[in-house]
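Comments concern the structure below.
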Amino acid sequence: MDRKHPFAFKAHAGPPGGTPAGAARARRADTVRTRVRLMIEITARAGAYRKGLLEAAERLSPEEAVIIADLERNGLQVPQLHDVLCGGHVLVDDPRLYEEWRFAKVSHPRISSHHHDIDKSVYPDIGMRGHVVREKLHGRTAQGTWVQLEKTPAAFGQSKLPSVSDFRHLMDYVVYRVTRSNVGPWGLSRMTERRPMYLSPNLALPTSLTPPVARALAQALHRIEKDDDVTSMSQDLAARFPPPERADLTSELGETLPGRSGRGLFGNSEVWITETPSSGAAAVLREHHRPPEVDILRKGGSP
């Protein structure tokens, strides 16, 4: 697995040895793990987690780092990582992730009730255990890939007698039924299969407009543009510099910016900067704003 994005690396590759390619893979792997650990540390400051998350992040495996980095590449923002780590159900409009998250030595088939409309004989659900994800479960949807982290792994159907882990998984299900929240490795999330988190949703549907609707829409767009020209500058300047003539304003509708449209990794965050004020600058500002001292009584009058 060697995907073309800045944080890709072969998670199941063998020892790097002394080859330049192996050393480059090791550096990329370390970069991914460091980035993901920083994301976890940042989101841990804003949300409550079960104890042990930061310690688990220090032992983050390459496979776990690939999954989180892929979610980030598909639009996951730092505040949303909290729900992912707490068991939120995530839908990604990328079917390739289903195969790319099947790692040779650590993935295993799983039985689950998620997305029962998918033929599980063709696309079986896949589990994976790790220090941070605990039990990662993912599978296919009709248009992409779903993934969910679980607190307790289950092995129903793989042995004759239920294990202790299976009983704990049943207890997690009871918690889900009572709280209507998924039980994840590090907390609870209301992002269930019925109310999932969508990443990179493919909602665009090209369609043609009927001529009457197209004419009415074009007239409305021309009116909005004309009003905006008048309000953004003085009326005489607006008349001197008219906007460019375009035959069809409706053709501009639906155009989107590349990538995540400028939201960035902290698009949903309340980001602020605090700085220690300079004592010298503060003294200058106080001196500059000090009102002049006027002795009214000495002038013998009243204000």
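For this structure, a couple of remarks:
- Filter result (out of contact with any His (no Cβ under 7 Å at 6 or more places or on another chain) and β-branched (V, I, T)) within the range 37-75: I40, I42, V66, I67, I68
- Any pair with Cβ under 8 angstrom, 6 or more apart, that starts in the range 209-223 at a residue that is outside any helix (DSSP H, G or I) and ends at one that is open to solvent by less than 80 Å² (accessible area, probe 1.4 Å): L209/L217; L209/T250
- Selection within the range 80-132 - of a type in the set (K, R) and farther than 19 Å from A56 by Cα: R96, R102, K105, R110, K120
- Against the conditions (1) modelled with pLDDT under 80; (2) surrounded by 17 or more Cβ atoms within 10 Å (Cβ to Cβ); (3) part of a helix (DSSP H, G or I), A11 satisfies every one except (3).
- P109 touching a strand residue (DSSP E or B) at 6+ places or on another chain (Cβ under 9 Å), surrounded by 15 or more Cβ atoms within 10 Å (Cβ to Cβ), more than 22 Å from R195 (Cα to Cα) and without any contact (Cβ under 8 Å) to a residue 24 or more places away in the chain: no
- Set side by side, the residues V78, V32 differ, and just one is without any contact (Cβ under 8 Å) to a residue 40 or more places away in the chain and either farther than 21 Å from L188 by Cα or in contact with a Phe, Trp or Tyr (Cβ under 6 Å, 6 or more places away or on another chain) (or both), which is V32.
- Restricting attention to the range 112-138, the residues that are acidic (D, E) and surrounded by 14 or more Cβ atoms within 10 Å (Cβ to Cβ) total 2.
- Residue in the range 152-167 that is surrounded by 13 or more Cβ atoms within 10 Å (Cβ to Cβ), modelled with pLDDT of 75 or more and either at negative phi or outside any loop (DSSP other than H, G, I, E, B) (or both) present: yes
- Pick from the range 29-65, criterion open to solvent by less than 40 Å² (accessible area, probe 1.4 Å) and of a type in the set (D, E), ranking: nearest to A104 (Cα to Cα): E63
The values are calculated or read from the model by the stated rules, or taken from the named source; none is laboratory data. As the structure is a prediction and not an experimental result, all values here were calculated from the model. Here Cβ is always computed from backbone atoms with ideal geometry, including for glycine, and neighbour counts include all displayed protein chains. To get the accessible areas, we keep the full protein, side chains included, count just its heavy atoms, and leave off ligands, DNA and RNA. Shrake-Rupley method; radii C 1.70, N 1.55, O 1.52, S 1.80 Å.
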